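Bear in mind these aren't lab numbers, they're just calculated from the coordinates by the rules spelled out. No experiment lies behind these values; they were computed from the predicted model shown. No Cβ is skipped: glycine too gets one built from the backbone with ideal geometry, and neighbour counts run over all protein chains shown.
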């Protein structure tokens with residue numbers, strides 16, 4: 001069956017521009033997560049959506065980062081006024097009701113020049 | 001102190017060897033535990049959940065010690081294809097908060 005998909009797979013942008021990253025979770029999965037992974041580093045939690053509950057935004061590094069999840073399915077992570085330190089792979093994952101393992105998408109590799 | 005700590009390695013072992021990774025976590029209220037595998041430039045994939053009684057999946061055995069707050073992964077009869085980074089993952093907090101915290105990962109290189 002279809003897994004988690006993310007687009008674009010690669011994004012190169014200039015410092016100061018805004019970017020939008022998209023995640024399509026596995027159909028029927030109610031929980032959706034965003035993580036980022038810098039080169040050679042572990043995964044850093046960003047934000048978590050569970051059904052209609054208020055999202056857990058505790059991992060967002062600054063107010064330049066925001067995320068939405070429309071209709072309990074697709075999610076968009078927006079980074080405003082990108083900085084070079086935002087360069088990383090942004091990974092989306094989904095799961096059933098926050099339980100069990102998370103299934104990750106292939107990620108979006110963001111490069112800020 | 002990091003919430004989830006792992007020895008980054010690398011662990012270099014010959015084919016057929018047995019290798020063990022340990023991981024410690026700081027939040028004693030953590031409820032669920034996992035091992036993920038991540039290949040170079042790929043997304044993490046769930047390897048196995050870790051249960052209090054310990055569990056086995058083929059050549060892989062996971063153990064949990066709540067008193068000492070550590071988790072282990074044992075790989076028997078290592079294969080070349082086991083070469084990857086192994087991520088220790090903990091669901092922080094009590095109940096099911098859903099926010100998984102990942103360790104930095106332990107790199108395994110299996111040599112012929």
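Observations, loosely collected:
- Here the Gaussian network model covers chain A, with springs between Cα atoms less than 10 Å apart; of A:72, A:51, A:16, A:16 fluctuates the most.
- The simple spin-label model puts a point 7 Å past each Cα toward its Cβ; for residue A:10 and residue A:81 those points are separated by 2.9 nm.
- GNM top mover of A:36, A:81, A:22 - chain A, alpha-carbon springs below 10 Å: A:81
- Mean Cα-pair separation over length for region A:47-113, i.e. relative contact order, pairs under 8 Å, 6 or more apart, %: 24
- Computed on chain A, with alpha-carbon pairs under 8 angstrom and 6+ residues apart, the relative contact order is 38 percent.
- When both region B:22-65 and region A:23-97 are represented by their alpha-carbon centers, they are found 22 Å apart.
- Only Cα pairs under 8 Å and 6+ residues apart enter the sum, and on that basis the relative contact order of chain B stands at 38 percent.
- DSSP beta bridges fully contained in chain B are about 90 percent antiparallel.
- Taking other C-beta atoms within 10 angstrom as a stand-in for reagent exposure, B:18, B:106, A:30 fall in the order B:18, A:30, B:106, fewest first.
- GNM top mover of A:58, A:94, A:38 - chain A, alpha-carbon springs below 10 Å: A:58
- Pairwise label distance in nanometres, residue B:31 with residue B:56, each label 7 Å out on the Cα-Cβ vector: 3.0
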